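Everything on this sheet refers to the single structure shown next.
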Amino acid sequence: MTAPRGRPRVGLTIAGCDPSGGAGLAADLMVMRDFGLHGTFVVTTVIAQNTRGVSASWPMTARQVVEQLEVLLGDVAVDAVKIGALGSAEVARAVAGPLAAWRRGGGGVVVLDPVYRSGQNTVSIGGEAVAEAIADALLPLCDAVTPNVPEAEHLTGLTIDGPEGLIAAGRALVARGASAALLKVGHLPGAPDDVLVCADGRVTTLPLPRRFAMEVRGTGCHLATALACALLEEPDVPAAARRARAYLDALWADGTASVGGGARVFFHGEGRP
C-alpha cells in the first residue's frame, strides 16, 4: 500500500481497552481507520471484558495517563480527540490540563463519551465520581458530548422519561460548557429518536435503529469516534452527526459478527465513509 502524500490526519482516543475488540480503544482505532485517519491512543484503564460483559477494571494512575498524553501531544500533530472511559475522577481532572493546552495551541476536535459504567450498566468503570469530574473539568473542552440516558441523568441531575427530558438534559449539558450534546436513547423504552442539542439553540432528532440497542457491543464508542472524525470535514455538528449515524448504519448493513457467546460486534472491512 502506498503511503498518503503529506501528513495524514491523526485521531487520538483516550479510553480503556476491551480485550474482545468490540469497544474501547480497539473499536475507536478501527473507526479512525475507516475515516482515513491514523489512530493513536492513550490507555486509561485495563478492563477484564469479553462479549458477555465486564468483570473488572483497573485504572491507570493520573500520572501514567498524563505522561502518555503529554509525550504524544509533544510530538504528534493530533487533529481529533475522542475521550471514552477514564477510569477515575483523578484521571478525568488530570487530562483536562494537557487537552486545554492543546486546544489553546490550535488543537482540533474533542468529542466525549462520558463512560463511567459498563454498557450493561452493571460494572463500575470509575463510577459516579468520574461523571462529576467530567462535568467540572471536561465538558467546557468538548465540541460534543454523547451520553446515554443514565449518564445524562447523572451529569445533569435531571430525570429523563421522554423526548422533552432529552432536550432539557441536552440544554443543561450545553449550559455546563459543551458545544453540543448528542443524547442516545438506547436505555429509554419507547423514545423515538436520539436528540442533538447545540449551543446555538438548534435541536435535531436522529432516527434510532432500535436494532442497535444492547445486541451489538460498542455502538457508543463507534458513534462518538465517528462524530469526532466527521467533524474534521464537516464542522456543522448536526451534519456531522448525521454522517456519523450513516456510518453506523453502513456498519450494520455490512454485517455484525459473533466472536464469543455474548453480544455481537461490528465487523470492519474496507473503509466506508
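The values are calculated or read from the model by the stated rules, or taken from the named source; none is laboratory data. Here the structure is a predicted model, which means the values were calculated and not measured. Glycine gets a Cβ as well: all are built from the backbone with ideal geometry, and neighbour counts include every protein chain shown.
Would you call residue 6 free of Cβ contacts under 8 Å to residues at least 12 places away in the same chain, surrounded by fewer than 17 Cβ atoms within 10 Å (Cβ to Cβ), outside any strand (DSSP E or B) and not acidic (Asp, Glu)? Judged against the criteria, residue 6 is a match. Applying the condition of being modelled with pLDDT under 95, aliphatic (A, V, I, L, M) and out of contact with any Gly (no Cβ under 6 Å at 6 or more places or on another chain) to the range 32-59 and asking which residue is nearest to residue 13 (Cα to Cα) yields 46.
Give the residue that is nearest to residue 149 (Cα to Cα), with candidates limited to residues of the range 168-184 that are assigned to a loop (DSSP other than H, G, I, E, B) and within 16 Å of the chain's Cα centre (by Cα). In this case the residue turns out to be 178.
Exactly one residue out of 191, 230, 175, 224 is farther than 26 Å from residue 40 by Cβ, hydrophobic (A, V, I, L, M, F, W, C) and modelled with pLDDT of 95 or more: that is 175. Look at (1) out of contact with any Asp or Glu (no Cβ under 9 Å at 6 or more places or on another chain); (2) modelled with pLDDT of 85 or more; (3) not in a helix (DSSP H, G or I) and you find that residue 137 fails only one, number (3).
Inspect the range 248-255 for any residue being under 22 Å from residue 151 (Cβ atoms) and modelled with pLDDT of 80 or more and give the result as yes or no.
Yes, that holds for at least one residue.
Across the range 36-89, the qualifying residues are those that are of a type in the set (S, T, N, Q) and not in a strand (DSSP E or B), and the one among them that is surrounded by the most Cβ atoms within 10 Å (Cβ to Cβ) is 88.
Does the range 63-89 hold any residues that are among the charged types (D, E, K, R) and under 19 Å from the mean Cα position of the chain (by Cα), and which are they?
First, the residues of the range 63-89 that are among the charged types (D, E, K, R): 63, 67, 70, 75, 79, 82.
Of everything in the range 63-89, those that are among the charged types (D, E, K, R) and under 19 Å from the mean Cα position of the chain (by Cα) turn out to be 79, 82.
Within the range 120-139, residues that are farther than 17 Å from residue 178 by Cα and of a type in the set (A, V, I, L, M) reach partners that are surrounded by 15 or more Cβ atoms within 10 Å (Cβ to Cβ) and modelled with pLDDT under 55 with beta carbons closer than 7 Å, at six or more positions or on different chains, in the pairs 125/118.
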